[in-house]
Amino acid sequence: MTDPTDLTDPTDLLALDRTAVRESLRLLRSARDGDWERPSPCSGWTLRDLVAHMAAQHHGFAAAARGAGADRTYWIAPELGRDPFKVYDESVRHVLAAFAEEGVMERGFTLPEIGATVSGHIAVGFHFLDHVVHSWDVAKAVGAEEPGFPPPVARAALEIARRVPKDPERRGPGAAFAPVLPTPEDASPLEETLALLGRSPAWSPTSHTGPAKR
């Protein structure tokens, strides 16, 4: 993916990640019973599918922070059951507790999805960018306003997104991200981030033209 280590110091990056994750939780609180089967910007995924993926990422990154990331069982999407918000809330608590442990940024995180072990700083940067974008996915799926990220969050996400490899073999079907989309000259930092990762800021539940799953 990319190396965010020179973008911000470890304490700032952890704080940015907490903000992104908590915003996803705030947005999901507005989800009604009928919203969970609505389409999301992730092609082929309903809101339920998306949130199950997000919860799996939280559990997987928490396991990686504690030295167990190579165990793929931690990365399996959980069943959300009758109370999807509760399941997601528990996953958020789990990852934020793991990331709050002393020395987490100096640990090695084994991430099966990229087949590598990376520093905590790099891993948290991956997690942060993922959940900035997924917060937007959630907002679109539930028909909410844009995520309420403060400017430092949006700027940091854009700086990391600009470093995501754009070569074709890492984009498109089966890859983590869709091909880069054109960015309007007046795009906000969040809109540019979305376009760099293959998402159209104009997506709506009726368009059903989302990017590759991630």
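Observations, loosely collected:
- Any hit, the stretch 96-105, residues being among the acidic types (Asp, Glu) and more than 29 Å from Arg38 (Cβ to Cβ): yes
- Exactly one residue out of Gly103, Gly81, Gly115, Gly67 is in contact (Cβ under 8 Å) with a residue 40 or more places away in the chain and at positive phi, and it is Gly67.
- Enumeration of residues in the stretch 78-129 that are open to solvent by less than 50 Å² (accessible area, probe 1.4 Å) and in a loop (DSSP other than H, G, I, E, B): Pro78, Leu80, Gly81, Gly103, Pro112
- Considering the stretch 38-74, and only residues there that are among the aromatic types (Phe, Trp, Tyr) and either open to solvent by 40 Å² or more (accessible area, probe 1.4 Å) or out of contact with any strand residue (DSSP E or B) (no Cβ under 9 Å at 6 or more places or on another chain) (or both), the residue that is modelled with the lowest pLDDT turns out to be Trp45.
- The lone criterion from (1) surrounded by fewer than 19 Cβ atoms within 10 Å (Cβ to Cβ); (2) farther than 24 Å from Thr206 by Cα left unmet by Glu145 is number (2).
- All of Ala161, Ala178, Ala187, Ala154 fail the test of being of a type in the set (A, V, I, L, M, F, W, C), modelled with pLDDT under 85 and open to solvent by less than 60 Å² (accessible area, probe 1.4 Å), apart from Ala178.
- Once the stretch 27-57 is narrowed to residues that are touching a residue at least 60 places away in the same chain (Cβ under 8 Å), of a type outside the set (A, V, I, L, M) and in a helix (DSSP H, G or I), the residue that is nearest to Glu79 (Cα to Cα) is His53.
- If the condition is being more than 13 Å from the chain's Cα centre (by Cα) and in a helix (DSSP H, G or I), then the stretch 60-69 contributes Ala62, Ala63, Ala64, Ala65.
The values are calculated or read from the model by the stated rules, or taken from the named source; none is laboratory data. Treat the numbers as computed from the prediction; the structure is a model and nothing was measured. Heads up, the Cβs are rebuilt from the backbone with ideal geometry, glycines too, and the neighbour counts pull from every protein chain shown. For accessibility, only protein heavy atoms count, side chains too; no ligands or nucleic acids. Shrake-Rupley method; radii C 1.70, N 1.55, O 1.52, S 1.80 Å.
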